[in-house]
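Asker: Structure below; questions to follow.
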Number of protein chains: 2
Amino acid sequence: MEDGTSEEPGSCAVTDDDPFQWDARQNCEVRQILDRIADKWSLLVIALLERRTMRFTELKKEIDGVSQRMLTVTLRQLERDGLVHRYVHATVPPRVDYSLTDLGCTLHDTIKPLVAWTETYQEQIISARAAYDRAVATG
Amino acid sequence: MEDGTSEEPGSCAVTDDDPFQWDARQNCEVRQILDRIADKWSLLVIALLERRTMRFTELKKEIDGVSQRMLTVTLRQLERDGLVHRYVHATVPPRVDYSLTDLGCTLHDTIKPLVAWTETYQEQIISARAAYDRAVATG
DNA sequence: CGGTATCCTGCACGATACTG
DNA sequence: CAGTATCGTGCAGGATACCG
């Protein structure tokens, strides 16, 4: 496995007088977890699994563009973090079902507003970009 | 500038009968925006600027670990997306102030619960990882 | 079917040097 | 001070091949 799994026990004690002290530290647990959430595929997997249990191949087909390798890696990370449950049926050919854990569900609920925000303001962002690009082009 | 600025007008029309149709598409605006949010430094910059206007050097000092280049790139992206405002004082030596736009503020408000979630469940995630690693080691 | 193991490549990013 | 421009490189991640 290539994944360095760099862990360094949380060097982030968070002096709690400031709720955003987290931002300045590296190897902060919060940052590690946000990185997972930030991951290109994780969100998609979580969103899909929130609806129903899915098999590996179903996920792969649904998340068009993901390589088999990256889907595997993503699912392993999510499983390791306790966000996704993996059930291997003892059949042949093998069948593996993935589903969200309770923790994964709470995360999904937390993410929903973020997706909603994005949908609400995407037009605004697009026009902001256009305006910026125009300004730059003009000089 | 190295940044490809790959734009492709939103090939994501989002058939709205399914709020999570967004997940399957690439070059979806939602995904592009999430990628920005997901960015390693963007969140930190937004969190810092939500508190007060800051100068370039202040940000650089505060976000320990960021290179000058990456801070510049990050700020430019955020400015282009209309999340951050950049004000250049006509003085010498130059002085540049960064602050959140209204849009940036709404984004920060939306992100807060996510950070809170992370802080709430980080212990649970850490122990989930430990359990997973133990299981793997055991075989 | 649901993975691993291996190789290879692009580009994200750091380091460094220069500038208005 | 607040950037740009240029070069070098590590590693994330795709492509491919093989396996229980």
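Asker: If I take the rotation axis that carries chain B onto chain A, which residue of chain B has the nearest beta-carbon, and at how many angstrom?
Answerer: Nearest Cβ to the rotation axis, residue and whole-Å distance: B:Ala38, 1.
Asker: For B:Glu58, place a label point 7 Å from Cα along the Cα-to-Cβ direction in every copy; what are the distances to the other copies, in nm, shortest first?
Answerer: In ascending order, 5.2 nm.
Asker: Sketch the reach of a paramagnetic label on A:Gln124 as a point 7 Å from Cα along Cα-to-Cβ, and name the residues of region B:93-126 whose backbone nitrogen lies under 18 Å away.
Answerer: The answer is B:99-113, whose backbone nitrogens lie closer than 18 Å to the label point.
Asker: Sequence-distant or interchain residues sharing an amide H contact under 5 Å with B:Leu100, placed H: which?
Answerer: It is B:His85, by chain and number.
Asker: Related question: Sorted by mean Cβ packing within 10 Å, highest first, what order do the peptides B:86-94, B:74-82, B:60-68 take? Mind showing how you got there, number by number?
Answerer: Working: B:86-94: 8.4, B:74-82: 20.7, B:60-68: 13.6.
Result, highest mean first: B:74-82, B:60-68, B:86-94.
Asker: For B:Lys112 and B:Asp35 in the same chain, what is the full-extension length gain: residue separation times 0.36 nm, less their Cα-Cα distance, in nm?
Answerer: Details: separation 77, 0.36 × 77 = 27.72 nm, distance 1.72 nm.
Length gained between B:Lys112 and B:Asp35: 26.0 nm.
Asker: Per residue, what accessible area does region B:22-139 have, given a 1.4 Å probe and all protein chains present, in Å²? Please list the in-between numbers first.
Answerer: Details: 5690 Å² over 118 residues.
Roughly 48 Å² per residue, with all protein chains present.
Asker: For A:Thr120, place a label point 7 Å from Cα along the Cα-to-Cβ direction in every copy; what are the distances to the other copies, in nm, shortest first?
Answerer: For A:Thr120, the inter-copy label distances come out at 1.9 nm.
Asker: Considering only the label points, 7 Å along Cα→Cβ from Cα, what distances in nm to one decimal separate A:Met70 from the same position in each other copy, shortest first?
Answerer: 2.0
Asker: Listed here are the pairs A:Lys40/A:Lys112; A:Lys40/B:Lys60; A:Lys112/B:Lys40; A:Lys112/B:Lys112; which of them are more than 22 Å apart at the Cα? Could the numbers behind the result be given before it?
Answerer: Working: A:Lys40/A:Lys112 16 Å; A:Lys40/B:Lys60 26 Å; A:Lys112/B:Lys40 20 Å; A:Lys112/B:Lys112 13 Å.
In this structure, A:Lys40/B:Lys60 lie more than 22 Å apart at Cα.
Asker: Same structure again: For region A:46-98, with all protein chains present and a 1.4 Å probe, just round the carbon and sulfur fraction of the accessible area to a whole percent.
Answerer: Details: 1490 of 2900 Å².
The nonpolar share, carbon plus sulfur, comes to 51 percent.
Asker: Residues of region B:39-59 that become at least 30 Å² less accessible with every protein chain present than in their own chain isolated, using 1.4 Å: which are they?
Answerer: B:Lys40, B:Leu43, B:Leu44, B:Ala47, B:Arg51
Asker: Here is a further query. How much accessible area is lost when chains A and B come together, counting both sides, with a 1.4 Å probe, in Å² rounded to the nearest 100?
Answerer: Working: alone 10040 and 10080 Å², together 14770 Å².
Buried area (both sides, nearest 100 Å²): 5300 Å².
The values are calculated or read from the model by the stated rules, or taken from the named source; none is laboratory data. Small disclaimer: the values here were computed from a predicted structure and weren't measured. Glycine also receives a Cβ, built like all others from the backbone with ideal geometry; neighbour counts cover every protein chain displayed. Keep in mind that these areas ignore ligands, DNA and RNA; they rest on the heavy atoms of the full protein, side chains included. Shrake-Rupley method; radii C 1.70, N 1.55, O 1.52, S 1.80 Å.
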